[in-house]
Amino acid sequence: MKICIIGAGYVGLATGVMFGKLGHEVVVADIDKIRVKSVNSGSLPFYEPPLERELRRLVDSDQLVATTDVQDAVEDAQVIFICVQTPSLTSGRIDIGPVKAACKIIAKALGKSNRRKMVVMKSTVVPSTTDSVVKPILERYSGKKAGKDFGLCMNPEFLQEGSALKDSMEPSRIVVGSDDKRASRELMDLYRPIKSKKIQTDLRSAEMIKYASNTFLATKISYSNEIANMCLRFGIDSQSVLEAVGMDPRIGPLFLKPGLGFGGSCLPKDVKALKDKASQEGYSSKLLAALVAINNQQPSESVRLLEKALGSLEGKRVAVLGLAFKGGVDDTRETRALPLVIELLGKRAQVIAFDPMAMANFIKLMPSIRYAPSIAECLRDADGCIIQADWPEFKKLGKKEFSLMRRPIVVDGRRCLDPEKVKRAGARYFGIGYGLAEQ
Ligand code: NAD
Ligand code: UGA
């Protein structure tokens, strides 16, 4: 089948590579010339090595190609996946400008074609967007009718950055939402080779499943942060507490790791977008408001720990290790490193930072601090360090690296180091939710 993917981002490229691997002919259409060039040379515009290997293989065998000619790509395809970004406006409301723009181009191509096509909404959009915004634009600009002349589905994506390919090939579930039985059946057929649980719903339920999932993940993280913050003040190590909590099968062990809060391109914006949508419909969500508030305060926990160890941070050299929104990626969207560095600068600390992959992206957000070329250079002469992202290389830190510091004080903002190992290596260890009473 000929599949067109609109948007060469994480979701678009993971979806395109997944369908390519299933033997379909894939065209990825994007308005960003640099991204298109990168995809056509077999390189991803972001760091995701396993996905890149498969992309290169598909590009080399001409099974996947990228283009900036979005309309032409849509005209030629049987199924079109909309995978463009849906960021936050400053109010927290979802910005569906890119979705609307993509829909207009798709509609023009639908209008020109006499073959029935299927349009699949994969971008995360608040409930009612597909039937009250996407569908009217597609119908108006094509002169055709959804259900009769073209199919329309909502198919949310659940992948995590860092495991995009695996999550696309083996998703936890596939949700197909449609108000049109034929379209729903056709999309279910397309996904037949993927042996995951499949759920058929209406359009709005599919949209809501995505938000209900992401806000639940955000709730687990914020709950863990609250418990950890309390444990710290009670002189208890939150790790053993949360591990035991997670053993209850009704709770589960995943996403109970305390830290500096949830960052990334999705959890923060999706919490805000659902909260805004609920308030537009006259419902004020106290839970979602609390998630935003807890998340905003969390970077300060690590600064408080550092001050506890060092006193005033004025003039102190603070090394920040990890600038990506989590370890293993180069994405700095909504990274907690930004509020952390801003708070440190507000306390007149001298900040020096390092990340194995995300430094170039972070420099665009914060050009004014110093950056180190390696972990060792970042730690050299530092009065303390804060681990902001759980990169595997930070877990290996030992005597050799800590001995470079002027004062070997380690604040583990992601609870990714072994406290005993750090102490054996001669450094003082402070962690989010790690009992201060022991220090
Ligand atoms: P992204 O920002 O990485 O990529 C979006 C791409 O769409 C960009 O390359 C952009 O140039 C392109 N684009 C924008 N308007 C276009 C248009 N009119 N025509 C063609 N291309 C256009 O986005 P992403 O991270 O892949 O996220 C896409 C959607 O998927 C969002 O709604 C997001 O919430 C959701 N999502 C993302 C993830 C993730 O891990 N990143 C996971 C699940 C769901
Ligand atoms: C998240 C979801 O996990 C995906 O299922 C979803 O598809 C995606 O958002 C999306 O909609 O875009 P991702 O953004 O890749 O995926 O990031 P996560 O792995 O969920 O991590 C988000 C943030 O939470 C990171 O800053 C991470 O450090 C933090 N986190 C995660 C914790 O603080 N504690 C945890 O236990 C887990």
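Tabulated values for the structure
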quantity: Fraction of antiparallel bridges per DSSP, the chain only, in percent to nearest 5; calculated: 5
quantity: Bins of 5 Å, starting at 0 and running to the largest distance - Cα pair percent for the stretch 39-187; calculated: 2, 9, 16, 19, 20, 18, 12, 5, 0, 0
quantity: Average Cα contact separation per residue, the stretch 342-424, under 8 Å, 6 or more apart, as relative contact order %; calculated: 26
quantity: When the convex hull of its Cα atoms is projected in every direction, mean area for the stretch 246-327 (nm²); calculated: 8.3
quantity: Per-residue ³J(HN,Hα) for the stretch 159-170, Karplus 6.51 cos²θ - 1.76 cosθ + 1.60, θ = phi - 60°, Hz, x for Gly and Pro; calculated: 5, 9, 5, x, 9, 4, 5, 4, 5, 7, 7, 10
quantity: For the stretch 89-124 versus the stretch 341-399, the gap between their alpha-carbon centres in whole angstrom; calculated: 40
quantity: Sites residue 188 and residue 363, calculated FRET efficiency, Cβ-Cβ separation with R0 41 Å, nearest 0.05; calculated: 0.35
quantity: Relative intensity, log₁₀ I(q)/I(0), of the stretch 4-99 from a Debye sum that treats every alpha carbon as a point, q = 0.11, 0.17, 0.21, 0.24 Å⁻¹; calculated: -0.30, -0.68, -0.98, -1.22
quantity: Share, in percent, of DSSP beta bridges within the stretch 67-200 that are antiparallel, nearest 5; calculated: 10
quantity: Angle between the chain longest axis and helix 203-234 axis [Cα atoms, degrees, rounded to 10]; calculated: 0
quantity: Kirkwood Rh and Cα Rg combined as Rg over Rh, evaluated for the stretch 121-225; calculated: 1.02
quantity: Principal axis dimensions, the stretch 310-374 - Cα atoms, whole angstrom, descending; calculated: 33, 23, 20
quantity: Rounded FRET efficiency, nearest 0.05, which uses the C-beta distance separating residue 250 from residue 279 and R0 of 30 Å; calculated: 0.50
quantity: Overall form of the stretch 178-294 per C-alpha gyration tensor (a/c, 1.5; a/b vs b/c); calculated: oblate
quantity: Size-normalised alpha-carbon gyration radius of the stretch 384-439, reference 2.2 N^0.38 Å; calculated: 1.01
quantity: Quotient of C-alpha Rg and 2.2 N^0.38 Å, computed over the stretch 288-439; calculated: 0.95
quantity: Helical mean residue ellipticity (222 nm; -39500 (n - 2.57) per DSSP H run of 4+; nearest 500) of the chain; calculated: -13500 deg cm²/dmol
quantity: DSSP bridge pairs, the stretch 1-160: antiparallel proportion in percent, nearest 5; calculated: 5
quantity: Mean Cα-pair separation over length for the stretch 2-65, i.e. relative contact order, pairs under 8 Å, 6 or more apart, %; calculated: 33
quantity: Footprinting exposure proxy for 81, 255 (fewest neighbouring C-beta atoms within 10 Å first); calculated: 255, 81
quantity: Anisotropy class of the chain from Cα gyration tensor, a/c 1.5 cut; calculated: prolate
quantity: The chain: angle of helix 267-280 to the longest principal axis, Cα-based, in degrees nearest 10; calculated: 60
quantity: 5 Å-binned pair-distance histogram of the stretch 98-157 (Cα, whole percent); calculated: 4, 20, 35, 25, 12, 3, 0
quantity: For the stretch 201-258: Kirkwood Rh in Å [reciprocal of mean 1/r, alpha carbons]; calculated: 12.6
quantity: Sequence-separation-based contact order of the stretch 296-439, relative, with Cα cut under 8 Å and 6+ spacing, percent; calculated: 25
quantity: Long-range HN-HN contacts of residue 66 with modeled amide H, under 5 Å; calculated: 28, 40
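Readers should treat all values here as calculations from the given coordinates under stated rules, not as data from a laboratory. None of the values given here were measured: they were computed from a predicted structure. In this analysis, Cβ positions are derived from the backbone assuming ideal geometry, glycine residues included, and neighbour counts consider all displayed protein chains.
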